[in-house]
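In what follows, a single structure is set out as structure tokens and then discussed.
The values are calculated or read from the model by the stated rules, or taken from the named source; none is laboratory data. These figures come from a predicted structure and were not determined experimentally. FYI the Cβ positions are ideal-geometry reconstructions off the backbone, even for glycines, and counts take in every protein chain you see.
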Amino acid sequence: MKFRGKIIDVACLNHFTRVVTTISKLTKICVLRLTPDNLFFVLSGKVANGGVSMWCELSQANFFDEYQMEGVSSEDNEICLEVTPENLSRALKTVQNAKAVKLKLTKKHCPCLTIAAELPTLSSISRVVTHDVPVDVIPRRLWHEFKEPSMPDFDVSIYLPPLKTMKNVVDRMKNLSNFLVMEANLNGEMNLKIETDLVSVTTHFKDLGNPPWGDDASQDGGPSQSRDPEDMAQARVDIRKLQQFLMGQQVNPSKAMCSKSPTAARPGALQAK
Amino acid sequence: MDCVVTGGNVKVLAKAIHSLSRIGDELYVEPQDDGLALRSVNSSRSAYACFLFAPLFFSRYTIPSGHAFRCKMAIKSVQAVFRSLASLEKTVEKCHIGLDEKKNRLTFTLHCKHGLLKTHNLSFQDSESLQAVFDKDSYGNVFRSHPRLLVDTVVHFPPSLEEVTVSVSDERMWVRNHVEEEDRSKSMLTELCLASDEFDHFAVTTQNSVTFCLKELRGMLVFAESTGLPVSMYFDEPGSPLVLSVTDSVLEGNFVLATLSDDSNHRKNNSRREQTPPPPPNDDFMDDDMDSYLIAMDTSIAPGPSATRPPTPPLAVSTYSKQPAAANHRSRLIAEEQEEEEEEEAELADSAGPPNKKFCSLFFGSVLPPSSQTSTQPVTNQEVLASDSEDDEQ
């Protein structure tokens with residue numbers, strides 16, 4: 001099992017760091033899956049009773065100038081590690097001005113993800129800083145837990161307003177209630193509602209746009225064609241979990257989508273690209 | 001006592017006080033003939049700092065004549081006088097420090113713009129003299145650099161980190177976080193390697209490693225970075241204190257930090273050092289030989305957490321105990337008790353001691369006041385007691 005990757009471009013390093021930092025805000029421990037083409041950060045939470053799960057897919061070519069890996073075996077050419085993203089984030093944040101950053105799977109006192117950076121100095125010899133982040137290797141028999149989740153069947157999918165705006169609204173609402181109702185329709189309209197004994201507050205968003213699911217082949221299930229565009233699909237969510245998602249966002253996504261399914265029992269999904 | 005600090009020096013004084021507040025809770029003030037000494041020590045006596053401001057630092061410097069005056073006060077109160085550094089710079093023209101011995105008060109008066117006067121009356125307590133005895137010039141390893149280098153080094157370590165280990169060879173300095181044996185598998189290890197030519201001065205007599213608290217180093221850097229003065233670092237064997245100092249023509253700041261003493265390791269070390277150390281690690285970072293580079297770093301130098309270390313816990317004597325008397329121990333703090341032999345300590349090391357760190361406390365020599373007071377003042381016993389038990393005998 002081997003992994004080594006090198007990031008040279010400062011913008012790539014910056015972006016990668018922000019992704020990792022976002023993830024570190026969402027969860028203390030997650031799984032890092034390495035394949036020849038991608039990196040995945042996965043958290044498989046207990047979704048049924050209001051937990052949060054997360055799936056983050058990164059194409060390695062977008063970040064790494066060099067990337068080599070050898071999985072557990074030739075049929076299972078993958079590596080699955082349990083990491084604490086906060087450690088990775090901390091290590092990456094301090095090396096933003098590095099000339100090059102190498103990530104490597106090493107065996108020190110225990111399996112580690114080693115981040116080694118060469119820092120610019122005035123002298124002829126570079127300053128090297130290494131961070132060894134301990135990881136746990138996940139055995140093959142547990143890999144099935146970390147497969148890509150299928151997109152649930154949903155009724156409405158909508159582009160979210162700027163996340164910062166949404167965060168401001170949700171932050172204020174959190175003071176009033178623990179639960180929030182999100183509703184959206186196929187007309188690009190979304191409302192965030194809270195209701196208590198004393199007061200009910202609704203924030204309306206218009207002209208948001210709905211993603212066209214028809215051409216996205218990997219998704220199964222799309223909005224039923226016969227749906228009335230004015231019809232709102234509702235979902236009631238725990239404000240704190242929503243806030244956690246919004247708080248962690250550091251990556252300035254170009255698109256953030258929210259998809260709601262008809263029954264409360266089925267999870268809704270928030271995706272940021 | 002009547003001292004006046006003007007202009008930019010007010011900010012320097014303020015920074016020094018803030019820096020001292022990172023060490024201990026009390027500020028010891030002692031106006032001396034050679035300048036005003038401000039000192040602080042932490043509760044476990046493992047860190048001590050002293051700033052000496054020469055008379056030239058002040059625009060007026062008058063000290064009580066006839067008797068040596070010294071006192072201590074809560075450092076937070078003094079910090080409150082110099083609270084907002086940014087506004088200090090802009091508005092304060094001078095700071096006057098006066099003494100009212102009858103009322104046991106030190107008065108700090110800030111003369112600000114537009115005729116504004118801010119007066120702070122701070123009560124003090126009498127205290128014995130606080131003076132760590134150390135001889136940094138006799139230490140074997142001496143380094144000097146711009147504070148930026150050290151600031152850039154500590155930034156890689158999380159703020160919560162307690163201890164770092166500094167290891168040196170002829171050409172390099174490694175700084176890594178110190179992790180206890182038990183926590184090894186969970187914690188992140190960070191290591192930074194600095195080359196000798198990044199320093200203004202880099203002199204190594206003995207290649208070894210010392211472990212000390214990062215918090216106090218950061219405290220010193222708070223001061224050094226704002227003044228831009230080069231920082232000098234002196235250390236010797238593990239167990240012997242590490243001294244950081246900043247100097248210029250009108251002030252001198254010394255931070256003395258206790259280092260972890262690790263006797264059994266120390267002796268093993270001595271024997272290892274007799275063999276030729278492996279060649280310095282491959283410099284070319286871009287070389288594919290990353291693995292060997294990393295491994296070389298692990299084993300090339302005398303003890304570090306990454307090297308194989310005997311599992312014996314460090315010296316397990318009571319906290320306020322003697323320093324190990326290493327044979328080639330050149331400088332040691334003066335202690336009143338006798339120092340035990342190394343063999344005796346080795347036996348103690350084998351006994352099960354508490355698994356906490358064993359920072360040797362610094363020893364404070366009983367510094368008798370230079371004047372002829374000895375007849376009237378009993379010598380204060382300098383067994384290092386907790387601050388509460390300083391029953392003042394003055």
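Data for the structure
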item: Restricting segment B:156-200 to residues that are at the interface with chain A (Cβ under 9 Å from one of its Cβ atoms) and hydroxyl-bearing (Ser, Thr, Tyr), the residue that is farthest from the chain's Cα centre (by Cα); result: B:185
item: Within segment A:100-118, tally of residues that are at the interface with another protein chain (Cβ under 8 Å from one of its Cβ atoms) and farther than 16 Å from residue B:187 by Cα; result: 5
item: Every residue from segment B:180-200 that is among the hydrophobic types (A, V, I, L, M, F, W, C) and within 15 Å of residue A:91 (Cβ to Cβ); result: B:188, B:189, B:192
item: Matching strands (runs of 3 or more DSSP E) fully within segment A:131-200 where at least 1 residues are touching a residue at least 40 places away in the same chain (Cβ under 8 Å) and within 20 Å of the chain's Cα centre (by Cα); result: A:156-159
item: Test for residue A:17: is it in contact with a helix residue (DSSP H, G or I) (Cβ under 7 Å, 6 or more places away or on another chain) and at pLDDT 85 or above; result: yes
item: Residue match in segment B:103-117 (condition: of a type in the set (S, T, N, Q) and either part of a loop (DSSP other than H, G, I, E, B) or within 24 Å of residue A:127 (Cβ to Cβ) (or both)); result: yes
item: Any strands (runs of 3 or more DSSP E) falling wholly within segment B:128-221 and containing at least 1 residues that are under 23 Å from residue B:21 (Cα atoms) and either among the β-branched types (Val, Ile, Thr) or touching a residue at least 60 places away in the same chain (Cβ under 8 Å) (or both); result: B:163-168, B:209-213
item: Residues of segment B:43-70 satisfying the condition of being surrounded by fewer than 21 Cβ atoms within 10 Å (Cβ to Cβ) and within 21 Å of the chain's Cα centre (by Cα); result: B:43, B:44, B:52, B:54
item: Residue tally, condition of a type in the set (A, V, I, L, M, F, W, C) and surrounded by fewer than 17 Cβ atoms within 10 Å (Cβ to Cβ), over segment B:185-221; result: 1
item: Filter result (polar (S, T, N, Q) and over 24 Å from residue B:179 (Cα atoms)) within segment A:93-125; result: A:96, A:97, A:121, A:123, A:124
item: Selection count where residues are over 16 Å from residue B:17 (Cβ atoms) and in contact (Cβ under 8 Å) with a residue 40 or more places away in the chain, scope segment B:79-127; result: 8
item: So residue B:130, is it surrounded by 20 or more Cβ atoms within 10 Å (Cβ to Cβ) and within 28 Å of residue B:224 (Cα to Cα); result: yes
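Yes/no matrix, rows are residues, columns are (1) aliphatic (A, V, I, L, M); (2) in contact with a helix residue (DSSP H, G or I) (Cβ under 7 Å, 6 or more places away or on another chain); (3) away from every other protein chain (no Cβ under 11 Å):
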site: A:76; (1), (2), (3): no, yes, yes
site: A:87; (1), (2), (3): no, no, no
site: A:123; (1), (2), (3): no, yes, no
site: A:131; (1), (2), (3): no, yes, no
site: A:148; (1), (2), (3): no, no, yes
site: A:169; (1), (2), (3): yes, no, yes
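Yes/no matrix, rows are residues, columns are (1) surrounded by fewer than 22 Cβ atoms within 10 Å (Cβ to Cβ); (2) hydroxyl-bearing (Ser, Thr, Tyr):
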| site | (1), (2) |
| --- | --- |
| A:116 | no, no |
| A:124 | yes, yes |
| A:134 | yes, no |
| A:144 | yes, no |
| A:162 | yes, no |
| A:169 | yes, no |
| A:172 | yes, no |
